[in-house]
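What follows is a set of notes on a single structure, which appears directly below.
The values are calculated or read from the model by the stated rules, or taken from the named source; none is laboratory data. Nothing here was measured: the structure is a model prediction, and the numbers come from that model. With ideal geometry, Cβ positions are generated from the backbone for all residues, glycine too; neighbour counts draw on all protein chains shown.
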Amino acid sequence: MTKVQIRFRLQNVLDEPALKAIAAVHAMYGIQKIGVADSLDALTVEYDATRLRPAEVEAALAGVGIAVLAG
């Protein structure tokens, strides 16, 4: 397993439904940890790079309605 962290800037404000959606993404195979920045404007996702690529992590977030930009 190769752990990698990627930071995503949020395009929208985190609300209760978005936090529940983050929990759904966290359950995805290969995603180890999701952290929310103190400023609530970014997410840091730790994932297994042997299982997922950055675009797949971004797609998983978008798939549950969390719009992000890499970086």
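Points worth noting:
- Just one of (1) of a type outside the set (A, V, I, L, M, F, W, C); (2) touching a helix residue (DSSP H, G or I) at 6+ places or on another chain (Cβ under 8 Å); (3) at pLDDT 95 or above fails for Asn12. It is (3).
- Considering the stretch 1-22, and only residues there that are surrounded by 11 or more Cβ atoms within 10 Å (Cβ to Cβ) and among the aliphatic types (A, V, I, L, M), the residue that is nearest to Val68 (Cα to Cα) turns out to be Leu10.
- For Val68: the one exception among (1) touching a Lys or Arg at 6+ places or on another chain (Cβ under 9 Å); (2) farther than 10 Å from Phe8 by Cβ: (2)
- Restricting attention to the stretch 60-71 and to residues that are part of a loop (DSSP other than H, G, I, E, B) and of a type in the set (Val, Ile, Thr), the residue that is surrounded by the fewest Cβ atoms within 10 Å (Cβ to Cβ) turns out to be Val64.
- Those residues of the stretch 35-49 which are farther than 15 Å from Gly71 by Cα and in contact with a strand residue (DSSP E or B) (Cβ under 7 Å, 6 or more places away or on another chain), in sequence order: Tyr47, Asp48, Ala49
- Residue in the stretch 23-59 that is surrounded by the most Cβ atoms within 10 Å (Cβ to Cβ), counting only those that are more than 16 Å from Val4 (Cα to Cα) and small (Gly, Ala, Ser): Ala42
- Qualifying residue in the stretch 23-37 (condition: polar (S, T, N, Q) and in a loop (DSSP other than H, G, I, E, B)): no
- Annotation note: Cβ proximity below 6 Å between a residue of the stretch 45-68 that is in contact (Cβ under 8 Å) with a residue 60 or more places away in the chain and a residue that is in a helix (DSSP H, G or I) and surrounded by 15 or more Cβ atoms within 10 Å (Cβ to Cβ) (sequence gap 6+ or interchain) occurs for Val68/Leu61.
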